[in-house]
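Read through the structure below, which is laid out as structure tokens, and then see the notes.
Derivation of every value follows stated rules applied to the coordinates shown; laboratory data play no part. Remember, it's a predicted structure, so these values are computed and weren't measured experimentally. Every residue, glycine among them, receives a Cβ derived from its backbone with ideal geometry; neighbour counts consider all protein chains shown.
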């Protein structure tokens with residue numbers, strides 16, 4: 001029970017400062033709050049599994065926060081190309097676009113990328129944002145200024161066309 005009390009005490013002492021730290025360093029409050037929760041989750045796991053005490057919990061929390069911010073910005077940088085003008089999306093190599101395993105098998109990645117090049121630019125952008133950047137349909141709709149149902153329909157139809165083309169190329173798929 002002492003572990004829970006220690007965590008609660010440290011949380012109460014550090015939460016405001018850490019949340020402010022993350023808010024200042026991220027572009028939006030939801031991202032800061034997600035990072036905030038992840039930092040305390042990792043801290044709790046470390047606190048519960050460790051035999052050695054954490055001598056300076058606040059310093060340890062900020063080191064976790066720095067690592068989480070670094071991971072957050074690496075992931076964000078990965079998606080920068082998807083937010084550039086649509087013409088540059090055709091320059092992305094196929095290995096930079098992980099394709100959903102349920103939809104496509106790994107060895108067909110190049111074929112999918114070639115088929116994707118025949119799609120309208122907006123469909124291509126939605127597909128890349130969804131699969132390569134792990135954006136939700138709601139986030140994609142907001143960033144492109146279109147309805148969420150339009151994103152859902154375009155993704156569905158693009159997947160259907162790609163699946164049909166792949167099946168016509170190889171019926172054993």
request  = Over the range 26-76, consider all pairs of different Cα atoms and compute the Kirkwood hydrodynamic radius from their mean reciprocal separation; express it in Å, one decimal.
outcome  = 11.6
query = For the pair residue 75 and residue 165, what calculated FRET efficiency results from E = 1/(1 + (r/R0)^6), where r is the Cβ-Cβ distance and R0 = 35 Å, to the nearest 0.05?
reply = 0.70
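In what sequence do 146, 140 fall when counting other Cβ within 10 Å, fewest first? If you can, show how the numbers build up before the last one.
On the way: 146 14, 140 24.
Ascending Cβ contact count within 10 Å gives the list 146, 140.
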